[in-house]
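Q: Structure incoming, see below.
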Amino acid sequence: MLDNVLKSRWLRLSVLILLALVFLLAAFWFGMAIGEKRADFRNHWSENYGKFFGEPRRGFFGELPGSGPGNPFGNAGTVLSVQGNAIVAKGSDNNEKTIVITSSTVITERSETVALSDIKPGDLIVAIGAPNESGQIDAKLIRIFPAPLNGSLLPKQ
């Protein structure tokens, strides 16, 4: 009798339908998981879009609520001081940032690689790196720019 049940056409059809349902449910679950990850990424991207692309932090009526002290991943501005392996620079938003130099930091001026000792107060720099626990920037790249003739970072219009 068990032999007849195992050879039954209905059992084969039932198992085939059950496997098809399991496959469809698995595909649906994977699609939902991927969609949730994409939606989560898109949500966080739109929250930080302005920070990524230089949206001004000031509104029509002054400082916007929740606007922090600049970009934690870099700074562009004037060197105020060089102390040991750290540079203090003031950006165009008048915020001072400490930039930490490590052995893997690349420092360039024009097309040449230079040393930390070549950076002097008053130099214009752009530093790119990652924020550390102390709120400083661990620099990966620092670019020194020649001082502009008119004393401004922006070209005259």
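Q: Within the bounds of the range 125-143, is there any residue that is over 19 Å from Asp93 (Cα atoms), touching a strand residue (DSSP E or B) at 6+ places or on another chain (Cβ under 7 Å), at pLDDT below 90 and among the polar types (S, T, N, Q)?
A: yes
Q: Here's a follow-up. Among the residues of the range 1-31, which ones are loosely packed, with under 10 Cβ neighbours inside 10 Å and part of a helix (DSSP H, G or I)?
A: Within the range 1-31, Leu2, Asp3, Asn4, Val5, Leu6, Arg9, Trp10 qualify.
The values are calculated or read from the model by the stated rules, or taken from the named source; none is laboratory data. Since the structure is predicted, the reported quantities are computational estimates derived from the model, not experimental observations. No Cβ is skipped: glycine too gets one built from the backbone with ideal geometry, and neighbour counts run over all protein chains shown.
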